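*Asks:* Please find one structure pasted underneath; my questions will follow.
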Amino acid sequence: MVSGVSGLGMNASAMWQSLLQKADTNGDGQISKAEFVANKPTDGQGQGPSVDDIFSKIDTNKDGFITQDENAVFVASMPTMQPPSPEEMFTKADTNGDGKLSKAEFVAAAPKGDSSSSTATDTNKIFDAMDTNQDGVVSQAEFQAAMMKMAQNGLNTGQESTVSITA
């Protein structure tokens with residue numbers, strides 16, 4: 001492995017290998033600007049920095065190629081995308097600050113998928129399952145216990161368990 005990359009962890013190395021495999025069409029172990037442009041990263045919405053700007057940011061020595069070390073430094077400088085903790089989600093959803101989530105607060109904070117009635121039904125079922133003492137509100141303890149259970153179920157099945165609440 002190229003020096004300086006091993007300390008950045010598996011993610012930077014895995015990202016480089018993926019990018020190299022996809023974009024390094026001539027097999028020289030680095031990515032030229034033409035190769036990068038031909039395999040341009042997208043954000044799914046056509047917004048954000050231009051491909052030229054991204055390439056220039058990664059190609060720190062300005063030789064027209066991205067090396068593994070340059071890519072590793074770039075990846076390490078990217079902010080981590082950590083999901084919010086259950087405490088953060090609860091606090092954000094608890095709009096009146098009473099330490100409990102009403103069904104209205106829970107529904108308002110739930111991720112918005114399509115506007116189908118099944119999504120609303122699922123949200124209500126999740127609320128009812130979290131409200132273990134059936135008092136009509138979800139306490140922080142109930143919320144955290146439910147989140148832990150969902151996380152464990154995701155780990156036990158080998159699948160990622162992702163639940164988020166937005167406000």
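*Asks:* If you check A108 against the conditions, is it at pLDDT below 95, under 30 Å from W16 (Cα atoms) and touching a helix residue (DSSP H, G or I) at 6+ places or on another chain (Cβ under 8 Å)?
*Replies:* No.
*Asks:* Name the single residue that is surrounded by the fewest Cβ atoms within 10 Å (Cβ to Cβ) among those in segment 72-97 being closer than 18 Å to D131 by Cβ and not β-branched (V, I, T).
*Replies:* That would be N96.
*Asks:* Kindly check whether there is at least one residue in segment 77-90 that is at pLDDT below 85 and in a helix (DSSP H, G or I).
*Replies:* Checked against the condition, which is being at pLDDT below 85 and in a helix (DSSP H, G or I), segment 77-90 yields at least one hit.
The values are calculated or read from the model by the stated rules, or taken from the named source; none is laboratory data. These figures come from a predicted structure and were not determined experimentally. A quick note on method: Cβ atoms are made from the backbone with ideal geometry, for glycine too, and the neighbour counts reach across all protein chains shown.
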